Amino acid sequence: DAKTTQPNSMESNEEEPVHLPCNHSTISGTDYIHWYRQLPSQGPEYVIHGLTSNVNNRMASLAIAEDRKSSTLILHRATLRDAAVYYCILRDASGGSNYKLTFGKGTLLTVNP
Amino acid sequence: EAGVAQSPRYKIIEKRQSVAFWCNPISGHATLYWYQQILGQGPKLLIQFQNNGVVDDSQLPKDRFSAERLKGVDSTLKIQPAKLEDSAVYLCASSLSFSTDTQYFGPGTRLTVL
């Protein structure tokens, strides 16, 4: 499976933007970039995903580098509720590995009031 | 829409005992997943069902772990006998199909093996 590299932890202040980086230098052409997050004592929840173009939804934005070897999850105004572990995952859309998600350790985001 | 339900939420057992976890996926979701999450790590896929058939169980320790989804709806994961290293959170997730992008996770069952 293609692997991703994320910082172990990041800090932010409430109501400020947060940029969470992810490196995936061995990404293949059929890999989608997915982001999930896991709030304390909860199961992971889907945040956003994309292939080549930048994506926006109500939770976040995903900026994908032109060569697709890196991406950034953007939280436009962090709230205390955004404190969580954020996972960047490559998912093979061609059916390889049965489309499964392989989680790394993710980035622990701390939001300061 | 009701989410993925799991029970129990917490379980404490002694090593060599047996334990079972139950999961009820979101209605209409054909694919069901069981993950194991050890403290400080990301979830690891144990088994993936499509309806009542197994799609992937390559990381399931089959000498002690078993799972079933007999009617293609709810599922049970069993550990027999448990070892200390099985202490973890067991997460169930579901999706419309195995090619669908989004997986929806339940709250998990925290297992402590003493």
**Message:** Please state the shape class of segment B:38-101: rounded when a/c is under 1.5, otherwise prolate if a/b exceeds b/c and oblate if not, all from the C-alpha gyration tensor.
**Reply:** oblate
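Take every DSSP beta bridge whose two residues both sit in the protein assembly as shown, then give the antiparallel share in percent to the nearest 5.
Values: 62 of 71 bridges.
So the antiparallel bridges in the protein assembly as shown amount to around 85 percent.
Decide, for chain B, between rounded, prolate and oblate: order the square roots of the alpha carbon gyration tensor eigenvalues as a ≥ b ≥ c, take rounded if a/c falls under 1.5, and otherwise choose prolate if a/b is larger than b/c, else oblate. Before the final figure, lay out each step's value.
Working: a/c = 1.79, a/b = 1.61, b/c = 1.11.
Judged from the Cα gyration tensor, chain B comes out prolate (a/c at least 1.5, a/b above b/c).
Work out which trypsin sites (Lys or Arg not before Pro) in chain B are exposed loop sites (DSSP not H, G, I, E or B, at most 14 other Cβ within 10 Å) and give the longest gap free of them.
Formally, the longest exposed-site-free interval is B:17-61.
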**Fill in**
Per DSSP, the loop-located GluC sites (Glu not before Pro) within segment B:11-114 having at most 11 other beta carbons within 10 Å are B:E14
**Prompt:** Highest GNM mean-square fluctuation, chain B, Cα pairs closer than 10 Å: which of B:G42, B:G72, B:G28?
**Reply:** B:G42
**Prompt:** Given chain B, what count of lysine pairs have C-alpha atoms under 20 Å apart, with each pair 8 or more places apart or on different chains?
**Reply:** 11
**Item:** Kirkwood hydrodynamic radius over Cα pairs of the protein assembly as shown, then Stokes diffusion coefficient at 20 °C and 1.002 mPa s, in µm²/s
**Value:** 118
**Request:** Could you calculate the FRET efficiency of A:R77 with B:T102 from 1/(1 + (r/R0)^6), where r is the beta carbon distance between them and R0 is 22 Å, rounded to 0.05?
**Result:** 0.40
**Item:** Ranked list, fewest to most other Cβ atoms within 10 Å of each Cβ, for B:T112, A:T4
**Value:** B:T112, A:T4
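Would you work out the charge dipole size for segment B:30-85 about its Cα centre, treating the Cβ of every Lys and Arg as +1 and the Cβ of every Asp and Glu as -1, and quote it to the nearest 20 debye? Numbers along the way, then the final one.
Values: 7 positive and 6 negative charges, 19 e Å.
About 100 debye.
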**Fill in**
For segment A:11-113 the GluC sites (Glu not before Pro) that pass both the DSSP coil test and the at-most-16 other-Cβ-within-10 Å test are A:E14, A:E15, A:E66
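Working from the alpha-carbon coordinates of segment A:1-66, get Rg over Rh, Rh being the Kirkwood radius. If you can, show how the numbers build up before the last one.
Values: Rg = 12.9 Å, Rh = 13.5 Å.
Using Cα coordinates only, the ratio equals 0.96.
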**Fill in**
Once Lys and Arg are counted +1 and Asp and Glu -1 for all other residues with Cβ under 11 Å from that of B:Y35, the total becomes +2
**Item:** For segment A:9-110: span of alpha carbons on each principal axis (Å, largest first)
**Value:** 38, 30, 23
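No value in this document is a laboratory result; all are computed from the given coordinates. These numbers were taken from a predicted model, which means no experiment stands behind them. Virtual Cβ from ideal backbone geometry, glycine too; neighbours counted across all protein chains shown.
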